[in-house]
Structure formats: C-alpha cells, structure tokens
Amino acid sequence: MTPYLFEAVEARSFRHPVFTGIQKYTFLIQAEKLPVGLPTGANARDPVGMNRRVYREVKESLKATEALAGSFDMMNLGITILADRVELVDKTRSLYRAFIADEDGIVNGAHTAKLIETCQEEGTIPSDQHVEVRIITGVDSANHADLKADIAKGQNTGITVKAQSIYDTMGLFDSLKERISGETWSGDVAWKESDSGKIQSADLICLMEALNVVSFPNEGNSHPIHAYEKQSKALENYASDYKKHEADPQNRIYAAFEPILLEALELYDRIRRDYREVFNEHVSQSAGRLRILEEAPRNGTFEFPFSKALPCKYRLTKGAALPMFASFRNCIGYDADRNLAYWKGGFQTVLGLWEQAAPEIAQETYGSRRDIGHIPDQLGKSRTYWTNLHRAMALRTLRLEMARQQ
C-alpha cells in the first residue's frame, strides 16, 4: 500500500447512499502537482497508444497551445482512482494522503495521467491548468466481488474496452494463467488489449470451445463454429460459465477442459505445421498455391511454441485449421462425476490418429474448395466443412475403438 499526496484547490467528499462503506472524494488539482507513478492495476486498459491523434490533441489542450488556458479540467473527464483510504494531512493547505494498492489505482483516466506526467517532465504545463481527480475508497473485493470490474467497465466508455480486458480485470483468466505458468511461452499471452503478447487469450478459450463435448456432444448435429466465426461468443460463454459457478468454480464447464489445454495446443500446432507437407505428399505437389496456407514474410518463419516444433516458413490459416482441430472432439471423453474431459486412449493415441487421418483430411479440404471456395474465412464459417470433417473423424475413431476392443 503506497501513500500519494494530493494538494487540492477545491475538495469535497461524501458517503455513498447505497454502499455505505464507500466514500467518494472529488479534488480539483493543479495539473503540474498531480502525483506521478500512480498505479493502474484496476484499469482494464493500460496507457498505451499515446501517439494516437486524440491523445496528441489532449496534450496540446493541456499545454494550452490549442485551447484557452485554465480550461483543461472542463474539457477533460479527469481521473478516477480506487484507493484503500484517504486521510486529511493539512486542512489549511487542503492536503490529502491517499493509500493506494498496486492492484487498484487509476480505473479511468490512465492516459490523462500519463500525458500530465510527460508534460510535467517537459515543464510545459501552465500553472492555471487543473485536472479533476475522483477517489473512491471502500470498494472491498471481498464484499463487492463484481463492483471493481463493473466500475472499470462503466468508466471506460470513450473508447470501447474489449471484453477480454474486462474479464481479465474480473479474474476470469486466473485459472488459465496458473495452468500455463510453467510454459516458456506463457509470457507471450495477451490477456487484455493493452498487452503486447502475440498469443490472444481468446485463442485459448476458442480452442477449448472447439473441443467442448458438454455443450456440443458428438452425437448431436451442432458444432462450435463460433470458435472461429465469432470469438466474442466463445468469450461470452466462458464468462457466463464463470459467473454461474462463482461459488463452485471446480464445476465450471471450461474447468473440465483446462487439464487437457496444453495437449490441445500441441495438437493445434501440429495440424498447422504439418498440413503443407501432408498435402504435398498425399494430394498434390501444388500446396504452395493454396490460399489456406500462409507464408511468413521475407526471410521470416512461423514459430510453433505449443508443440516446440522447428520454425517453418508456412502454416495453415486459422480458418482451415480450426475445423480440422475441432473434428478431434470425437477423441474427447467426459467424466460427468468428476467434471473432467480426457483423451480417449491417451494423447499419444490422438497424435497417432492425426498422422493417420491427415491425408484424408487434406483430401477432404482440397475437395471442399469446389463447393465452398478457396478463401480460408469461407472454410472456417462453412457448416458443411465442419460437419464433413467431424463425420470423417467419427468414422475413424469408431474403427479405432472397435480395433481396441478386439
């Protein structure tokens, strides 16, 4: 818990009429005296992208080069902070001390604070420029579990905050973070929109959704096509499942699939990397002309961190790969008593099945282009393509099961 001093020109406070443990403070502060280094742990969006035009304009208004001096606080929405408590230090100077934890801090206005800090370093803020700072205390996550995330969501309405950022603030991805914590690539996952990781948290959710035999039983006629077509739907399902089982998280649908996530990621990597070689060997030598294959930029290669396979200049696009991967839903069993998904026959059997089925899948994909088209996005959204691949894999797994029984 770190103390920060706020010297206010004007100050007022009041207790919230509904949440009586919450106190709200509003300070008007000279921008040049705003404390630096305020934490942004509660913010769904970190202060990045400062070169955007909108932030350049805000900076110029702060410097009073493109707006009337003294008008900044009326043009800017200000800064909202979640803090543990606020104490009056000096009534004469209207000096207050706010105690702020790293996981709290600025919930809205992080870009404004960053701009002010930059201009403080440059010495370009006129003394008559002010900023409005609102501090909220008493938002105890133990008593108001969703309130912090709701505040972050409600405060950030100027530029839409992506759902994954809100979900990360709510802690929905904590179990996934723990699951992958030992992997070399875990630091490359972007859990919220301001993260720079190359792997999107939504991709992890969508791969679990593609194997979801609870919501999409193999005996049924529906397939989790939205895992490719509309990732936001998969995220909504994940969030809804989390909230439904907040009191018993071990019974979440997606909790059943987390134990096989790392192996599922390896299978997905294998499919994307192997496809070109399989096609050239078993279908035609013209894989290089397929639009469903993407080529790395000049002198570059694609990485396959989940399978630890060697980098390659080519990989299968997501639109073609995800339906192939989802056909392995046939290889998933589900123990309802333990709420646990598992690979039928073990994961090594599944990898062997991919090697056996890959030529047939490549041929099926090649034939589908006549009816569906060459564009990966068309394949990824085609009900026919998903159904045909799932049906073909169902026959293979049935034969494998019969052979195993014999």
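Over region 163-405, the fraction of Cα-Cα pairs per 5 Å bin, rounded to whole percents and listed from the shortest bin up, is 1, 6, 13, 18, 20, 18, 13, 7, 3, 1, 0, 0.
Working from Cα pairs under 8 Å separated by at least six residues, relative contact order for the chain is 13 percent. Residue-wise HN-Hα couplings along region 162-176, as the Karplus relation 6.51 cos²θ - 1.76 cosθ + 1.60 with θ = phi - 60° gives them from phi, are 5, 4, 4, 5, 5, 5, 5, 4, 7, x, 5, 9, 4, 5, 5 Hz; Gly and Pro carry x. Calculated on C-alpha atoms, the gyration radius of region 177-239 divided by its Kirkwood radius gives an Rg/Rh of 1.04.
Here LYS313 is the anchor, and the lysines within straight C-alpha reach of less than 27 Å, apart from those fewer than 8 places off in the same chain, are LYS198, LYS381.
Can you find, among GLY171, GLN120, VAL9, the residue farthest towards the positive end of the dipole of the chain? Put +1 on the C-beta of Lys and Arg, -1 on that of Asp and Glu. Value computed over the given set: GLY171.
Using a simple spin-label model with pseudo-atoms 7 Å out from Cα toward Cβ, GLN250 and LYS233 lie 3.3 nm apart.
The phi torsions of region 84-94, fed into the Karplus equation with coefficients 6.51, -1.76 and 1.60 and a -60° offset, translate into couplings of 6, 7, 10, 10, 7, 9, 9, 5, 4, 8, 6 Hz, rounded to whole numbers, with Gly and Pro shown as x.
Distances between every pair of Cα atoms in the chain, grouped in 10 Å steps from 0 to the bin holding the largest one, split as 4, 19, 24, 19, 14, 12, 6, 1, 0 percent.
In plain terms, the residue of LYS177, LYS114, LYS91 with the fewest other Cβ atoms within 10 Å comes first and the most crowded comes last, giving LYS91, LYS177, LYS114. For region 314-406, the spread of Cα coordinates along the three principal axes comes to 41, 29, 26 Å, biggest extent given first.
Excluding same-chain neighbours fewer than eight residues apart, the lysines reachable from LYS91 by a Cα-Cα span under 27 Å are LYS24, LYS33. The 3J(HN,Hα) values that the Karplus relation (6.51, -1.76, 1.60; θ = phi - 60°) gives for region 107-119 are, in residue order, 9, 7, x, 4, 5, 4, 4, 5, 5, 5, 4, 4, 6 Hz. Gly and Pro appear as x.
When only the Cβ of Lys, Arg, Asp and Glu is charged (+1, +1, -1, -1), the dipole of the chain relative to its Cα centre reaches about 1080 debye. For region 352-406, count all C-alpha to C-alpha pairs, find those more than 19 Å apart, and express that count as a whole percent of the total. Looking at region 352-406, the distances longer than 19 Å represent 34 percent of pairs.
No value in this document is a laboratory result; all are computed from the given coordinates. Given the structure is predicted, the values throughout are model-derived calculations rather than measurements. Here the Cβ is made from the backbone with ideal geometry for all residues, glycine too, and neighbour counts use every protein chain on show.
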